[in-house]
Amino acid sequence: MADEKKKKAHSCRNKLLTGGVSRYGRSAMYERTATYKKKWTVVKKEKVKTPAFVEKQIGGDKNGGKRLVRVKRSPRYYPTDELPPRKRSRKKPFCEHKRNLRATITPGTVLILVAGRYKGKRVVFLKQLASGLLLVTGPMKVNGVPMRRINQIYCIASKTKVDISKVELPDRLTDEYFKKKKLRKPKHQEGEIFDEAKEEYTVSDERKEDQLKVDRQLLPIVKAVPHMKGYLQSPFFLSTKQYPHEMAF
C-alpha cells in the first residue's frame, strides 16, 4: 500500500496571471493538450423522412376506393406581401410587470408633482392602483388638485405625512374609473356638412360625488395639523443656486 503512488489533485493546465490574463494562449494550449492527436468519433443519426402524402380508404362505389391525402395541408390564404415571421418576445407584457413602490412613498405622504398639468403642486398620496400608478389628491378644496393618477417617477416624496388611516376610499376608484373616454367627432356625411358640433368632456356625477366624499374626510385632518393647509397651497419652485439633489424635502 505504501508503494502505491499517491494521486495528485487535479489542477488547471493554464493558470491565470494578474489581471485575469491566462498564461498560455489558445494555440499554445492546443499543442500542450495534444488535441490534434485525439480521434473523435461522430455517430450520425438516421433521419426518418415523413411521407408528404398518405393513402386513405374512401367509401363509395364511384370514388375509386383509395386516395392520396396530403399530411400537412397547404394554407388557404397566401399573403400579398412577403413579410418575415414575427418572433416571440421574451419580454413580459405590461399586465405581468411587478408594481414596485418607493420606500419613501406611503399612504398619507405629501408628494411634489414635477410634471403634468399640476406641476409644482403638493398633493396627498392615497394608494397605489393595479397598474402601478399613484392615486393622489390636493385635496381639491385646498389647492384645486382633484383625484388623479400619476407615475411615481414624476413625484418628489417629502418627509411630511398626514394620517389617513381612517379615510375610507370608494371601491370603484380603479384604473378603469380614471380611463380617458373617447369623444365623438363629427362625420361629414350627406346632409350633415355644416354639423361641426364636437362632444366636449364633462366631469361625471360619480366623480364629483367621490371627490366630495374624500375631501370631507381629508379637510379636518389637514386643518388639525398646524401650517399644513398653507404648506399644501404653496407652490414648489426653485430659485438660482438651488439644486433638488442637494435638498431635503
note = Flagged in region 153-182 as part of a loop (DSSP other than H, G, I, E, B) and open to solvent by less than 30 Å² (accessible area, probe 1.4 Å), in numbering order, are V162, I164, V167, P170, L173, F178
message = Given (1) under 30 Å from G65 (Cα atoms); (2) exposed (fewer than 10 other Cβ atoms within 10 Å of the Cβ), identify the lone condition not met by V54.
response = (2)
request  = Residue by residue through region 215-249, note down the ones that are open to solvent by 60 Å² or more (accessible area, probe 1.4 Å), in a loop (DSSP other than H, G, I, E, B) and not small (G, A, S).
outcome  = P226, H227, P235, F237, L238, T240, K241, Q242, Y243, M247
task = List every residue pair whose Cβ atoms lie under 8 Å apart, where the two residues are 6 or more positions apart in sequence or sit on different chains, the first residue falls within region 233-245 and is under 19 Å from R122 (Cβ atoms) and touching a residue at least 12 places away in the same chain (Cβ under 8 Å), and the second residue, located anywhere, is among the basic types (K, R) and in a loop (DSSP other than H, G, I, E, B).
result = P235/K121; F236/K121
task = May I ask you to list pairs of residues, at least six apart or on different chains, whose Cβ atoms are under 9 Å apart, with the first in region 24-53 being over 24 Å from R13 (Cβ atoms) and the second being not β-branched (V, I, T)?
result = A52/R70; A52/K72; F53/L68; F53/R70
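The rows are residues; the columns are (1) open to solvent by less than 100 Å² (accessible area, probe 1.4 Å); (2) among the polar types (S, T, N, Q); (3) under 43 Å from the mean Cα position of the chain (by Cα).
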| site | (1), (2), (3) |
| --- | --- |
| K7 | no, no, no |
| Y30 | no, no, no |
| I58 | yes, no, no |
| R70 | no, no, no |
| S74 | yes, yes, yes |
| T80 | no, yes, yes |
| P84 | no, no, yes |
| C95 | no, no, yes |
| L101 | yes, no, yes |
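The values are calculated or read from the model by the stated rules, or taken from the named source; none is laboratory data. Since we're looking at a predicted model, the values are computed, not measured. Note that each Cβ is placed from the backbone with ideal geometry, even for glycine, and that neighbours are counted across all protein chains shown. With ligands, DNA and RNA removed, areas are computed over all heavy atoms of the protein, side chains included. Shrake-Rupley method; radii C 1.70, N 1.55, O 1.52, S 1.80 Å.
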